[in-house]
Each structure stands twice: as structure tokens, then as C-alpha cells.
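**Student:** This is the structure, below, for whatever I ask next.
The values are calculated or read from the model by the stated rules, or taken from the named source; none is laboratory data. Fair warning: this is a prediction, and the values are worked out from it, not measured in the lab. We place every Cβ from the backbone using ideal geometry, glycine too, and count neighbours over all the protein chains shown. For accessibility, only protein heavy atoms count, side chains too; no ligands or nucleic acids. Shrake-Rupley method; radii C 1.70, N 1.55, O 1.52, S 1.80 Å.
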Amino acid sequence: MAARNTGFGDKPAIELFYDSRNFSVADFSDVLLGIEEEGIPYDIQPQDTADVLELASKASKSSRVGVGIGISKEGIVLQYEKLEKEAPLFRIKIYQTDLYRKIGSNAARLVKKMPFKSLD
């Protein structure tokens, strides 16, 4: 799976920042599949930090659509640029692999202004 599916670096896309010291793109490919299934482009950026709230906040602020995902050992966080860093939309544990696709889908649904999928 490519690290960028937008085709153009300046195209509106969901930004995904991940802790590159502990993860590779293959570790969270289901998150990307959830985004792809909803038809929204994404960009992936490796980072050298493990603070998942910081990753998600920076990702949302760098996204032209205001939606970012952070991934680290602390978990996976879906953030919207207008929210406080400490109050993300969704946060799951890294071992909840059955929810990866749903959190990716919810990121795309936020962009499309559609109802979220339940993470229960």
C-alpha cells in the first residue's frame, strides 16, 4: 500500500501521522482501507514522536480538510482541527485491531459529514 494515495501533495486529504520508530504502514493498513472504502484521499507522514495526541493534533492541523489520525503505541486517535488536542473525536487502543477499519471509515465520514460507525 502506498504512503500517499492523493496523487498530488496539495490535494485535500486526511493526514495520518504515525510513530515511525515503532510502526510501519503495514501495521495499520486496515485504517487506510477504511478511508479508501469511503472514497476520501489520505496522506501518510512518519514522525519521530510517540505522543498519539500530539500526532493526531498535528495531522489534523496540517490537513486541508481538518481531519487527522495519529498512531503510536498509545493507540489510534481521530482528531478534528477545531477540537482541543486533549479531547479527540475517537481514541482506541492499539490492540483493538477489529476497530481499525471503522476508525478509518469514521475519519472519511467526518470529511463527508456523514454519521459515524459505532466503535462499540
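**Student:** Which order do L33, L78 take when ranked by solvent-accessible area (1.4 Å probe, heavy atoms of all protein chains), largest first?
**Tutor:** L33, L78
**Student:** Rounded to whole Hz and in sequence order, give me ³J(HN,Hα) for region 54-60 from the Karplus expression 6.51 cos²θ - 1.76 cosθ + 1.60, θ = phi - 60°, writing x for Gly and Pro.
**Tutor:** Karplus values, whole Hz, x for Gly and Pro: 5, 4, 5, 5, 4, 5, 5.
**Student:** Going by the alpha-carbon gyration tensor, a ≥ b ≥ c the square roots of its eigenvalues, is the chain rounded (a/c under 1.5) or, if a/c is not under 1.5, prolate (a/b greater than b/c) versus oblate? Working shown, then result.
**Tutor:** Details: a/c = 1.15, a/b = 1.07, b/c = 1.08.
It is rounded, given that a/c, with a ≥ b ≥ c, falls under 1.5.
**Student:** Pull up all non-local amide H partners of Y42: gap of 5 or more, or a different chain, and H-to-H distance under 5 Å with H placed in the peptide plane.
**Tutor:** So Y42 has HN proximity to N5, T6, I14.
**Student:** Pull out the extension gain between R21 and M114, defined as 0.36 nm times the separation in residues minus the alpha carbon to alpha carbon distance; nm, one decimal.
**Tutor:** On the way: separation 93, 0.36 × 93 = 33.48 nm, distance 3.39 nm.
Stretched out fully, the R21 to M114 stretch lengthens by 30.1 nm.
**Student:** How do E15, E36 rank by accessible surface area computed with a 1.4 Å probe, from largest to smallest? Can you show the working numbers first?
**Tutor:** Details: E15 20, E36 75 Å².
If we order E15, E36 from most to least accessible, we get E36, E15.
**Student:** Something else: Express in whole angstrom the spacing between the alpha-carbon centres of region 13-31 and region 33-86.
**Tutor:** 9 Å
**Student:** Just order 18-31, 82-95, 62-75 by mean Cβ neighbour count inside 10 Å, highest at the front, would you?
**Tutor:** Values: 18-31: 16.5, 82-95: 13.8, 62-75: 21.9.
Output ranking for 18-31, 82-95, 62-75: 62-75, 18-31, 82-95.
**Student:** Can you tally the net charge around I71? Count Lys and Arg as +1, Asp and Glu as -1, for every other residue whose Cβ sits under 15 Å from the Cβ of I71.
**Tutor:** Numbers: positive: R21, K58, K73, R91, K93, R101, K102; negative: E15, D19, D27, D30, D43, D48, D51, E54, E74.
Here the charged neighbours net out to -2.
**Student:** Please give every one of the lysines within straight-line cross-link reach of K117, meaning a C-alpha to C-alpha distance under 16 Å, and leave out same-chain neighbours fewer than 8 residues apart.
**Tutor:** Of all the lysines, those that pass the test against K117 - Cα under 16 Å, at least 8 places apart if same chain - are K102.
**Student:** Another one. Sort region 42-94 into rounded, prolate or oblate with this rule: let a ≥ b ≥ c be the square roots of the eigenvalues of the Cα gyration tensor; rounded if a/c is under 1.5, and if a/c is not under 1.5, prolate when a/b is larger than b/c, oblate otherwise. Write down the numbers at each step before the final one.
**Tutor:** Details: a/c = 1.70, a/b = 1.17, b/c = 1.45.
Verdict is oblate for region 42-94.
**Student:** Projected onto the charge dipole of the chain (+1 at Lys/Arg Cβ, -1 at Asp/Glu Cβ, origin at the Cα centre), which of F90, V111, V52 gives the Cα projection farthest towards the positive end?
**Tutor:** Checked the options; the winner is V111.
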